[in-house]
Amino acid sequence: MIDTVLTKVEGGVGYITLNRPEALHALNLPMCKVILAALNLWRTDPEVHMVMIDHADGSRGFCAGGDISMLRDSGMGDGSEARAFFAEEYRMNVAIKSFPKPYLAIMDGVTMGGGVGLSVHGSHRIATERTLFAMPETGIGLFPDVGGGWFLPRLKGELGTWLALTGARLKGADVTAARVATHFLPSELVPNLKKQISAADFSGGASELLGAILGGLTHAVPVGSFETNMQTINDCFAGDRAEAILTALKVSGGEWAVKQAEIIATKSPETVKVALRQVREGAACETFEDNMRMEYRIGWRKVQSPDFIEGVRAVIVDKDHAPKWSPATLEEVSSEYVDTFFAPLGIEELSFD
């Protein structure tokens, strides 16, 4: 049996390599367990000075997300397997966010959903021209989890709200321009980077040395292509009502804005409202752990929602890309119904012990 995550320590560096190429390294529960165990071990190991996570050589994509088919199958039952996955994945996200040493993620290729959670919370994040970032969950009736409630509202202006509601994709240098990544490096230089890291002595100051290595290899980042639409994004995606956002986009008069309204109209109305509430609540969270508890409450319920079951059917199972959402419109999704996804779970609340 092939190990889907490879871990090792060499030269003071803890290496994590995603090794599930047939699924674009999509995460499952065993993978999260291995990664979390390694991080918990390495955070106090004096012989480990930094961590680097990447994907197996010769394979496409960094990480395409989570095991959506498993989540749907579980959601069609009692949901217990999906909830166990969310719990471990979210604890892993917290371990990355709180890791006390440099954590370098090489986001070369597809980086979506769970792959964003593996990278965006780390201290050093490299995008290449092949990086394709997205949080596309509103299109399958899920929600932009793995810390989306934390990092999305902390991007520039309402950029994160736009990304959350539309599932818009950022490519290459735009990922760094948006500050989802911290550095931009042409993919042809990634082997050089890895060679320099393997040869370096990080015992005398890992963060400073890693910064120097990256500074000598990474390229300046041009203004993001999304910048031409930032005023529209800030004007139209402000506020707490999804209906108002859609109206603002439609009446703005711009072709790009109208297109965004059309995109949102294809998404799960339930999820659009949940995601908007998530981003606003996440912005107010005082700690990352508080945000992840909130997301666990949403995920606990969302995995069994009819829209998630239907969304995965349309996109992954039957591939007809014609989901029938219920409710079918934003107006039919009441604020009281959205509240139910955020209600405390009592003894089932996510813990980080």
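The values are calculated or read from the model by the stated rules, or taken from the named source; none is laboratory data. Treat the numbers as computed from the prediction; the structure is a model and nothing was measured. Reconstructed Cβ throughout: ideal geometry from the backbone, glycine too, with neighbour counts over all protein chains shown.
Taking helices (runs of 4 or more DSSP H) that do not extend beyond segment 284-352, which have at least 3 residues that are more than 12 Å from Gly141 (Cα to Cα)?
Helices (runs of 4 or more DSSP H) meeting the threshold: 288-302, 335-342.
State the number of residues belonging to segment 1-19 that are buried (at least 22 other Cβ atoms within 10 Å of the Cβ) and modelled with pLDDT under 95.
Matching residues across segment 1-19 total 0.
Restricting to segment 265-275, and then to whatever is part of a helix (DSSP H, G or I) and touching a Gly at 6+ places or on another chain (Cβ under 9 Å), can you tell me which residue is surrounded by the fewest Cβ atoms within 10 Å (Cβ to Cβ)?
Among residues in segment 265-275 that are part of a helix (DSSP H, G or I) and touching a Gly at 6+ places or on another chain (Cβ under 9 Å), the one surrounded by the fewest Cβ atoms within 10 Å (Cβ to Cβ) is Glu270.
Which count do you get for residues in segment 55-90 that are within 20 Å of the chain's Cα centre (by Cα), surrounded by fewer than 16 Cβ atoms within 10 Å (Cβ to Cβ) and more than 22 Å from Leu6 (Cβ to Cβ)?
Residues that pass the stated criteria total 2.
Inspect segment 216-224 for any residue being under 14 Å from His183 (Cβ atoms) and in a helix (DSSP H, G or I) and give the result as yes or no.
Yes - at least one qualifying residue is present in segment 216-224.
Just name the residue that is farthest from the chain's Cα centre (by Cα) out of those in segment 37-47 that are surrounded by 19 or more Cβ atoms within 10 Å (Cβ to Cβ) and touching a residue at least 40 places away in the same chain (Cβ under 8 Å).
Among residues in segment 37-47 that are surrounded by 19 or more Cβ atoms within 10 Å (Cβ to Cβ) and touching a residue at least 40 places away in the same chain (Cβ under 8 Å), the one farthest from the chain's Cα centre (by Cα) is Trp42.
Starting from segment 299-318, keep only residues that are modelled with pLDDT of 95 or more, then list their pairs with residues that are in a helix (DSSP H, G or I) and surrounded by fewer than 18 Cβ atoms within 10 Å (Cβ to Cβ) whose Cβ atoms are within a distance under 8 Å, requiring at least 6 positions of separation or different chains.
Cβ pairs passing all conditions: Trp300/Glu348; Arg301/Thr340; Val312/Ser69.
Is it true that Ala168 is part of a loop (DSSP other than H, G, I, E, B), among the hydrophobic types (A, V, I, L, M, F, W, C) and more than 16 Å from Leu27 (Cβ to Cβ)?
yes
What number of residues within segment 106-157 are part of a strand (DSSP E or B), of a type in the set (Gly, Ala, Ser) and under 13 Å from the mean Cα position of the chain (by Cα)?
Residues flagged as part of a strand (DSSP E or B), of a type in the set (Gly, Ala, Ser) and under 13 Å from the mean Cα position of the chain (by Cα) within segment 106-157 amount to 1.
Starting from residues that are out of contact with any Leu (no Cβ under 7 Å at 6 or more places or on another chain), surrounded by 24 or more Cβ atoms within 10 Å (Cβ to Cβ) and touching a residue at least 60 places away in the same chain (Cβ under 8 Å), keep the ones in segment 118-139 and report whichever is nearest to Lys171 (Cα to Cα).
For segment 118-139, the residue satisfying everything is Thr131.
Which members of segment 291-305 meet the condition of being crowded, with 24+ Cβ neighbours inside 10 Å and among the small types (Gly, Ala, Ser)?
Gly299
Evaluate segment 56-63: report whether one residue or more is modelled with pLDDT under 95, assigned to a helix (DSSP H, G or I) and touching a Lys or Arg at 6+ places or on another chain (Cβ under 9 Å).
no
The conditions are (1) free of Cβ contacts under 8 Å to residues at least 60 places away in the same chain; (2) under 28 Å from Tyr103 (Cβ atoms); (3) in contact with a helix residue (DSSP H, G or I) (Cβ under 8 Å, 6 or more places away or on another chain), and Ala248 fails exactly one of them. Which is it?
(2)
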